[in-house]
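Asker: Here it is, the structure, as structure tokens.
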2 protein chains.
Amino acid sequence: MRSQGKLYIVGIGPGCRELMTLKAKKAIESSDYVIGHKRYVDFVRDLVKGKIIESGMGREVERVRLAVELAKNNVVSLVSGGDPCVYGIAPLVIEYIQSKGVSVDYEIIPGVSALNSASPLLGSPISGDHAVVSLSDLLVPWEIIERRLRKALEGDFVIAIYNPSSRKRKGNLEKAMKIVMEHRGDVFVGVVKNACREGEEVRIMKCSEVISSDFVDMSTIIFVPNSETVIKNGMMLTPRGYSRKYEV
Amino acid sequence: MRSQGKLYIVGIGPGCRELMTLKAKKAIESSDYVIGHKRYVDFVRDLVKGKIIESGMGREVERVRLAVELAKNNVVSLVSGGDPCVYGIAPLVIEYIQSKGVSVDYEIIPGVSALNSASPLLGSPISGDHAVVSLSDLLVPWEIIERRLRKALEGDFVIAIYNPSSRKRKGNLEKAMKIVMEHRGDVFVGVVKNACREGEEVRIMKCSEVISSDFVDMSTIIFVPNSETVIKNGMMLTPRGYSRKYEV
């Protein structure tokens, strides 16, 4: 007898229904189980027709083990904020499946990541080449994070900073802003909290203000400008260079 | 009398309907005009209830001018592949509006960008920190592109390479692969063509093979691994570091 199980690893986007993909919505609606961190489950609770299994932070390995186990005989959606392949749960699922040699039918459904949902709220801070760095040193040593920040600044990348701060590690944000200031001076950065969901707030702040205020939390993304970024009328625009080539 | 116009700058994702957001679909369906490059208009043609205005490559400024003009009195969707704020049309719209001082009600609708749609086809090549670089030197001088590639390699970023090649500029791909080889050796890279749409092809190739073959074109995205990326069973996985902290 063939197993009818399936594991969807679902990117639900920033949290508002409208920015979810059609495929993500269908997967959740068709699942026997929807598994995820409470925060993400809350965003899709009304879509769920099956059972919900939710847990807290730091239970990722347990969640993945359970999802894989249930997916042997059930349709399961493991939900992840933003895109599951960008600071999400997808790599852990693959690592788990490979290391255990489990046979399970799975599919990753991409989603709108935080940088994509937050960008329009500032105008278009990224536009072209960019680097993406998380300040969380839970899984990556700080020395690597610092090196990446410095190289991205040397390369004149626009930088999207994920997970800039949490109650447990306020220090990393201060260190990161000081590194930006070393390379670029006390520039303005774009700060978006809770993009496209309840509690959305957008600010343009100097690096020094970011350090001295309590505004930034773990639900925030920070955009560090490159040398071409223009800040004007409360907006942050990195032009793509059309004006070098055409009359705009 | 108040104008009823609205300009949606719509990210349609990779091209398959299922990976479009609910909001993008609604915007296109509700528009009096849908404007875009023929390639992108083709993906949404069946959704359009209003008029279609399509044009070819290199007509971006003209397209934006027309969209802004029509949006003074009509609902207009200007469609962009992937996400409009990542190598898309959004920054040009903002630049145009700001430079002309035009008053128009506009909204950018984010989409699933190429790196997000292509990643799952390889497993999870990005997972964490990454740099995104386009090899197109139409709008950015090659010296800047080369510098960014080198800095991203020095920072041990996974690199997503957009617009790696076109008929007019085969040379940039070869130069880029040689830079990767200088820093990392003749490593395997993940190559995805036409992710999530007709003509989809996925390969894992050595840098030297990328140079010698004709596989890569402008509809391709290349993932350059970092020092932790594992290639196994035709998949590319950059672990997030859980195994440093937990037993996976």
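Asker: Between B:K38 and A:R147, with labels modelled 7 Å along Cα→Cβ, what's the label distance in nm to one decimal, could you check?
Answerer: Roughly 4.9 nm, to one decimal.
Asker: Kirkwood Rh and Cα-based Rg: tell me the resulting Rg over Rh for chain B, rounded to two decimals. Don't skip to the end; give the middle numbers.
Answerer: Values: Rg = 19.7 Å, Rh = 19.3 Å.
Taking Rg over the Kirkwood Rh, I get 1.02.
Asker: Provide a whole-number value for the mean count of partner chain Cβ atoms within 10 Å of the Cβ atoms in peptide A:134-143.
Answerer: Details: counts 3, 0, 1, 1, 5, 10, 6, 2, 0, 0.
Rounded to a whole number, the mean comes out at 3.
Asker: While we're on this one: Please average, across the residues of A:20-33, the number of beta carbons from any other chain that are within 10 Å of each residue's own beta carbon, and give a whole number. Working shown, then result.
Answerer: Values: counts 3, 13, 10, 8, 5, 3, 1, 1, 0, 0, 0, 0, 0, 0.
Across A:20-33, the average partner-chain Cβ count within 10 Å equals 3.
Asker: Once the label point is set 7 Å along the Cα-to-beta-carbon vector, what list of distances in nm do you get between B:E228 and its counterparts in the other copies?
Answerer: Relative to the other copies, B:E228 has label-point distances of 3.1 nm.
Asker: Number of Lys-Lys pairs in the stretch A:6-112 under 27 Å by Cα, sequence gap 8 or more or different chains?
Answerer: 28
Asker: For the protein assembly as shown, what ratio Rg/Rh do Cα atoms give with a Kirkwood hydrodynamic radius? All intermediate terms of the calculation are to be shown ahead of the outcome.
Answerer: On the way: Rg = 21.5 Å, Rh = 22.8 Å.
Checking Rg against Rh, the ratio lands at 0.94.
Asker: Considering only lysines 8 or more places apart in sequence, or on different chains, count the pairs in the stretch B:115-237 whose C-alpha atoms sit under 25 Å apart.
Answerer: 18
Asker: Add +1 for every Lys or Arg and -1 for every Asp or Glu among the other residues with Cβ under 15 Å from the Cβ of B:G56, and state the total.
Answerer: After counting each charged neighbour, the total is +2.
Asker: A further question on this structure: Please compute, for peptide B:11-19, the average count of beta-carbon atoms on other protein chains lying within 10 Å of each residue's beta-carbon.
Answerer: Taking all residues of B:11-19 together, the mean is 4.
Asker: Taking just the alpha carbons, could you work out the radius of gyration and Dmax for the stretch A:104-187, both in angstroms?
Answerer: When restricted to the Cα atoms of the stretch A:104-187, Rg and Dmax are 14.7, 51 Å.
Asker: In µm²/s, what is D for the stretch A:6-112 at 20 °C and 1.002 mPa s, where D = kT/(6 pi eta Rh) by Stokes-Einstein and Rh is the Kirkwood radius from Cα pairs? Display every interim value, and only then the final one.
Answerer: On the way: Rh = 13.2 Å.
Reported coefficient: 162 µm²/s.
Asker: Just how large is the dipole of the stretch B:6-112 about the Cα centre, in debye to the nearest 20, putting +1 at every Lys and Arg Cβ and -1 at every Asp and Glu Cβ? Show your work: numbers first, answer last.
Answerer: On the way: 15 positive and 13 negative charges, 36 e Å.
So the dipole magnitude of the stretch B:6-112 works out to roughly 180 debye.
Asker: For A:E143, place a label point 7 Å from Cα along the Cα-to-Cβ direction in every copy; what are the distances to the other copies, in nm, shortest first?
Answerer: 3.5
Asker: What does the charge add up to near B:R39, with Lys and Arg as +1, Asp and Glu as -1, over the other residues with Cβ less than 14 Å from its Cβ?
Answerer: Values: positive: B:K38, B:R45, B:R59, B:R63, B:R197; negative: B:D42, B:E54, B:E60, B:E198, B:D217.
Overall, the nearby charge balance is 0.
Asker: Only bridges with both residues in the stretch B:6-112 count here: give the DSSP antiparallel percent, nearest 5. Could the numbers behind the result be given before it?
Answerer: Values: 1 of 19 bridges.
Bridges in the stretch B:6-112 that DSSP calls antiparallel: roughly 5 percent.
Asker: Can I ask one more? Please tell me the relative contact order of the stretch A:161-211 in percent, rounded to the nearest whole number, where contacts are Cα pairs under 8 Å and at least six residues apart.
Answerer: On the way: 47 pairs, mean separation 16.1, N = 51.
Once divided by the residue count of the stretch A:161-211, the mean separation gives 32 percent.
Asker: Estimate the FRET efficiency between A:N73 and A:F215 by the formula 1/(1 + (r/R0)^6), using the beta-carbon distance for r and 56 Å for R0, to the nearest 0.05.
Answerer: Values: r = 47 Å, r/R0 = 0.84.
FRET efficiency, A:N73 to A:F215: 0.75.
Asker: Among B:P225, B:Q98, B:T21, whose Cα sits farthest toward the positive end of the charge dipole of chain B (+1 at Cβ of Lys/Arg, -1 at Cβ of Asp/Glu, about the Cα centre)?
Answerer: With unit charges placed on the Cβ atoms, the residue in question is B:Q98.
Asker: Another question about this same structure. Treating the Cα atoms of the stretch B:115-237 as identical point scatterers in vacuum, please give the log10 of the normalised Debye intensity I(q)/I(0) at q = 0.09, 0.18, 0.22 Å⁻¹, two decimals.
Answerer: Log10 I(q)/I(0), no solvent term: -0.21, -0.89, -1.40.
Asker: Find every distance from the label point of B:E201 to the corresponding label point in the other copies (7 Å from Cα along Cα→Cβ) and write them in nm, one decimal, shortest first.
Answerer: For B:E201, the other copies' label points sit at 5.1 nm, shortest first.
Asker: Considering the dipole of the protein assembly as shown built from charges on the beta carbon (Lys and Arg +1, Asp and Glu -1) around the Cα centre, which of A:I52, A:A176, B:H37 is farthest to its positive end?
Answerer: A:I52
Asker: Still on this structure, please answer the following. Say each of B:E18 and A:K232 gets a label point 7 Å from the Cα, pointing the same way as Cα to Cβ; how far apart are those two points in nm?
Answerer: In this crude label model, B:E18 to A:K232 measures out at 4.3 nm.
Asker: Calculate how steeply helix A:60-70 sits against the longest principal axis of the alpha-carbon atoms of chain A, using the helix alpha-carbon long axis, and give the answer as 0 to 90 degrees to the nearest 10.
Answerer: 30
Asker: For chain B, take the longest principal axis of its alpha carbons; what is the angle in degrees between that and the long axis of helix B:142-154, to the nearest 10 within 0 to 90?
Answerer: Rounded to the nearest ten degrees, it is 50.
Asker: Order the peptides B:55-62, A:139-146, B:173-180 from the highest to the lowest mean number of other Cβ atoms within 10 Å of their residues. Don't skip to the answer; put the middle values down first.
Answerer: Numbers: B:55-62: 13.4, A:139-146: 16.1, B:173-180: 19.2.
Those peptides, ordered most packed to least, come out B:173-180, A:139-146, B:55-62.
Asker: Angle, helix A:90-100 long axis vs. longest principal axis of chain A, Cα atoms, 0 to 90°, nearest 10?
Answerer: 50
Throughout, read-outs are computed from the coordinates displayed, never taken from laboratory work. Just so you know, these numbers come straight off a predicted model, no measurement behind them. Methodologically, a virtual Cβ is constructed for each residue, glycine included, from the backbone with ideal geometry; neighbour enumeration extends over all protein chains shown.
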